[in-house]
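S.K.: There's a structure below that I have some questions on.
The values are calculated or read from the model by the stated rules, or taken from the named source; none is laboratory data. Note that the coordinates shown come from a computational prediction; the quantities given were computed from them, not determined experimentally. Cβ: placed from backbone, ideal geometry, glycine included. Neighbour counts: every protein chain shown. Side chains included, ligands, DNA and RNA excluded: accessible areas come from the protein's heavy atoms. Shrake-Rupley method; radii C 1.70, N 1.55, O 1.52, S 1.80 Å.
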Amino acid sequence: MFAKLTLTMAALLTLVACGDDDRLYVWGIGLGPNATVTVKPIGDDAFYMQLDDSTTLYATNITKPPFGNKEIRAFVNYREVENIGNGYSKTVYINYIDSILTKNPVVYQDEESTEVYGDDPIEIVPAWFNVVEDGYLTMCFRTLWGTSNIPHYVNLLTGVNPDDPYEVEFRHNAYGDVDGKWGYGVVSFKLQDMNFNVGEKDTITLKYNSFSGEKTVKFGYSKKETTSEDDVSIESVANTSRLR
């Protein structure tokens, strides 16, 4: 309830326009997310947030894990307050926090996996939160969404190239929900469960089926993939609740 309320409030405070180049442009008149984090529970009664590979955040105004005992990626708007010196890098006050669909990759088996994982087209959208950090790949994509409220199934396949373990493939199964309006989704994949240490290489090569054929995009480890002109407004990602 808290996450839904805060996302709705943020949407009301932001004006969004869509360009013709698969980018969203935002003119904020209120607070928007200023970071992506990994929410890491400590038992049932405490948590901290991993901002990047070396920076941790401790929240003064939220004590219990906001998403239960599951480690999950999230959008957050926070401000720094006086550090209380409890071993974390920064002490912060959370204005709002909202979860990102967080999944483990799956190992590619054979072509029959297309029936399960699908091959419906998407477009990777440049966004300030497209990044590989803290062992996760987080990205924004664009596709067609119908009015049937059918959930879209998204996955990251590993092992697609025996000669390059850093090559992965994004799969999208729309379950026939392929007619409708353009919309956006955000997903994060936990790379820590893959059979290699992603920190040993500068980039991951992501393959995907676009609306104009197969494409690839490279994600740099611990590096945002966009400039300020490419910023996507998370307030406009209205279809994220229809992902699984």
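S.K.: Consider segment 75-116. How many of its residues are charged (D, E, K, R) and touching a helix residue (DSSP H, G or I) at 6+ places or on another chain (Cβ under 7 Å)?
M.R.: Residues that pass the stated criteria total 1.
S.K.: Moving on. State which residue is nearest to residue 119 (Cα to Cα) when the search covers only segment 147-187 and only residues that are of a type in the set (Phe, Trp, Tyr), more than 16 Å from the chain's Cα centre (by Cα) and modelled with pLDDT of 90 or more.
M.R.: Within segment 147-187, the match that is nearest to residue 119 (Cα to Cα) is 175.
S.K.: Within segment 203-224, track down each residue that is in contact with a strand residue (DSSP E or B) (Cβ under 6 Å, 6 or more places away or on another chain), at pLDDT below 65 and open to solvent by 70 Å² or more (accessible area, probe 1.4 Å).
M.R.: Of everything in segment 203-224, just one residue is in contact with a strand residue (DSSP E or B) (Cβ under 6 Å, 6 or more places away or on another chain), at pLDDT below 65 and open to solvent by 70 Å² or more (accessible area, probe 1.4 Å), namely 224.
S.K.: Which of (1) out of contact with any Asp or Glu (no Cβ under 6 Å at 6 or more places or on another chain); (2) under 29 Å from residue 69 (Cβ atoms) does residue 130 not meet, given it meets every other one?
M.R.: Going through (1) out of contact with any Asp or Glu (no Cβ under 6 Å at 6 or more places or on another chain); (2) under 29 Å from residue 69 (Cβ atoms) one by one, residue 130 breaks only (1).
S.K.: Regarding segment 61-77, can at least one residue be identified that is under 15 Å from residue 36 (Cα atoms), part of a strand (DSSP E or B) and more than 13 Å from the chain's Cα centre (by Cα)?
M.R.: yes
S.K.: For residue 73, which of the numbered conditions (1) at pLDDT below 95; (2) surrounded by 15 or more Cβ atoms within 10 Å (Cβ to Cβ) fails to hold?
M.R.: (1)
S.K.: In addition: Is there a residue being touching a residue at least 24 places away in the same chain (Cβ under 8 Å), under 20 Å from residue 153 (Cα atoms) and touching a Lys or Arg at 6+ places or on another chain (Cβ under 7 Å) anywhere in segment 82-101?
M.R.: Scanning segment 82-101 turns up at least one residue that is touching a residue at least 24 places away in the same chain (Cβ under 8 Å), under 20 Å from residue 153 (Cα atoms) and touching a Lys or Arg at 6+ places or on another chain (Cβ under 7 Å).
S.K.: Going by what's in this entry, would residue 88 be described as in a loop (DSSP other than H, G, I, E, B), modelled with pLDDT of 90 or more and of a type in the set (Ser, Thr, Tyr)?
M.R.: yes
S.K.: Could you tell me whether segment 131-140 includes any residue that is at pLDDT below 90 and among the acidic types (Asp, Glu)?
M.R.: Step one: of segment 131-140, the residues at pLDDT below 90 are 131-135.
Next, from what is left, pick out any that are among the acidic types (Asp, Glu): 133-134.
The answer is yes, given that some residue of segment 131-140 is at pLDDT below 90 and among the acidic types (Asp, Glu).
S.K.: Out of segment 146-168, which residues are without any contact (Cβ under 8 Å) to a residue 60 or more places away in the chain and touching a helix residue (DSSP H, G or I) at 6+ places or on another chain (Cβ under 6 Å)? So that I can check it myself, show each step before the final result.
M.R.: The initial filter retains those residues of segment 146-168 that are without any contact (Cβ under 8 Å) to a residue 60 or more places away in the chain, namely 146-148, 155-167.
Answer for segment 146-168, where residues must be without any contact (Cβ under 8 Å) to a residue 60 or more places away in the chain and touching a helix residue (DSSP H, G or I) at 6+ places or on another chain (Cβ under 6 Å): just 155.
S.K.: May I pose another question? Can we say residue 114 is surrounded by fewer than 21 Cβ atoms within 10 Å (Cβ to Cβ) and modelled with pLDDT of 95 or more?
M.R.: Details: surrounded by fewer than 21 Cβ atoms within 10 Å (Cβ to Cβ): yes; modelled with pLDDT of 95 or more: no.
So residue 114 fails the test.
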